[in-house]
Structure formats: C-alpha cells, structure tokens
Amino acid sequence: MQEKYLRKWWKVTAQELVDAGVEYKVNENTKTKAKKFSLYQVYEYVKKNNKLDREELEAVVEDEKDRINRARTTFTSYQNGDFAGGGIDYDDCPWW
C-alpha cells in the first residue's frame, strides 16, 4: 500500500514504520517515488502499537482489501481492452 493512505486510515506515518524497521519498496514509476508498504506489516505495526482499537483496525483492513481488489479489477479490465472505446471496427474506417 502506498504511503498516502497511511496517515488518513491507519493513523501512522511512513517515517514511523521506517523507524520501526518495516521494509518498503520505492515505486519508481511515479514522479514522487512513493514508498510502498506491505499490508500485513502495517497491520502488525498498528496492532502492536495500539494506534487503532480492534474494531477500527478490522474495518480498515476490510476497506483496504476492497480497495486493492477494485484496483486489480480495474487494471485487469484495462489490460483486456475494456477501456479501449468499445467495439471499434477498424475494417470500416475510411482512413485505414
């Protein structure tokens, strides 16, 4: 998960995670070179340090899993050409 979600939903900063020794990867494909953390490691850190109560923590985990699944579905649709404008028949194009 990207660091932009940490403060808002998990009540933790990327620097707190780094200081605690949580491993991260840098997303080289973005201009900001955002840090990405494992959902499991963020969950364990937040649970261990009591940043959220149990119910809030479980709700945030479910929301994050839903967000990840929506992103995967959107990306899969994009790869399959579902966003390509739908049904263009290039054989009927006069300039083709």
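Nothing in this text is a laboratory measurement; each read-out follows from the coordinates by a stated rule. These numbers were taken from a predicted model, which means no experiment stands behind them. For neighbour counting, all protein chains shown are included, and Cβ atoms are generated from backbone atoms with ideal geometry for every residue, glycine included.
The mean of 1/r over all distinct Cα pairs in the range 1-65, once inverted, gives the Kirkwood hydrodynamic radius of 12.0 Å.
The slack between Asn27 and Thr73, meaning 0.36 nm per residue of separation minus the straight C-alpha distance, is 14.5 nm.
When Ser38, Ser77 are arranged by Cβ crowding within 10 Å, least crowded first, meaning fewest neighbours, the order is Ser77, Ser38.
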